[in-house]
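Any read-out appearing in this document is the output of simple, stated calculations on the displayed coordinates, not a laboratory observation. A quick note: this is a predicted structure, and the numbers were derived from the prediction, not measured. Ideal geometry is used to build each Cβ from the backbone, glycine not excepted, and the neighbour counts take in all protein chains shown.
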C-alpha cells in the first residue's frame, strides 16, 4: 500500500516536472520582459493610452499584439500581471492573456496543414474575436478590479504623501523646499525593473504557478491520458462541454497539441471538437486561473473562465453546424510532413539543460514564497 502511494506521488512529481520544463523557460523570459514593462511603462504613461482606459481600441491592440507572440498561457502570466499593475485596464489585460496562448502564426500554420483550411480559417477568426469579446465584457462588467492595480498604487502614494506632510508640518511651519531629482539613466531603469521582477513579481507568480502545476499533475494522473484519448476518439460520445472541461484541466499548448487534435479528427472526432479543445485548452489552465484569482480577483477569474467556456462551446457548435455532415479530414501525408517541417523551423526550442535550470529556479521561488508565508504566520502568532 505504501509502495503504491509512493509510486503515485512519483508519477505526480514527474508529470509536474515535465509540464514545468515545457513552460519554465518562457516564464523566465516573461519575467525579463515584465521587468522592462514595469519600469518603462509607468502608470501615468499607460493611463494616457487606450490600454489604460475602457476604450475598445485598447482591447483591439492588446489582442493583435498577443496573436503574434508564440508563448504558452503560463508564459503570459508575468506579462499580463505586469501590464495590469502598471495601469492597464482589466479588459486589455484579459484580451492579451487570451490571444497570446490561443493563437499565433506557428499554430495557425500547423492548423492549416493538419486540420484543413476550413478549421484553420475558423480558428483564425475565433482567435481574434474571442479575446475581443472577453476584453469588452471584462471592461463592461468588472467591479473594483477594473483598474485595481493603478488604484492601489495611487492609494499607497497618497498615504505616503499625507504621512510626509503631517510629519513635516509638525517639525516646521516653513514652506518645503522642492528638491530636484535626477532622472534615472537607461541602465539604472533596467536594473530597477529586473530587481522588481525577480525579487517581487517572480516570488508571487511562482507561488501560484508551481502549486497550479502540482494540481494539474495530480489531475493528469487521476484521469489518465489513455482515458482522455479514448473518450475524445468516440464522436458519438464526446460532447463539447466535456471537451471544454477536459481541455481546461489539461496543460494545453496550441502548437504542441494541434498534431494530437488532428489525429483525433482523423479518427472520427467532430471538427468542432478541435476548435473547442484549442480555445478552452490553450486559453485556460489551472496555474493561470489561480494567479488571476489571487492577484486580480476571484470575480475576474470566474468571469474570464466562464467566458472562455461559453465562447468555445458556441464556436464548437457553430463549427459542427457549418462543416458537418460531409467534413473530410486532412490526410495528405506529403502536405502534413511539409507543414510540420516548416513549422519546426519557426519554433523556438530550448535545450534540456535550460528547461531544467528554469524549472529549478521557479521551484526555488515557490519554496521561498512558502517560507515567507510560514514565517509571517509564525510572527503573527508570536505577536498575539
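Tabulated data for the structure shown
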read-out: Spin-label pair residue 55/residue 8, simplified geometry with 7 Å Cα→Cβ offset, distance in nm; value: 5.5 nm
read-out: Per-pair calculated FRET efficiency, R0 = 56 Å: residue 118 and residue 203 via Cβ, rounded to 0.05; value: 0.75
read-out: FRET E, pair residue 140, residue 327, Förster distance 30 Å, beta-carbon r, rounded to 0.05; value: 0.25
read-out: Cα coordinate range in the range 1-152, projected on the principal axes (Å, largest first); value: 60, 43, 29
read-out: Length gained when the stretch residue 372-residue 266 is fully extended (0.36 nm per residue, less Cα-Cα span); value: 33.1 nm
read-out: Peptides ranked, highest mean first, by Cβ atoms within 10 Å: ranges 23-34, 129-140; value: 23-34, 129-140
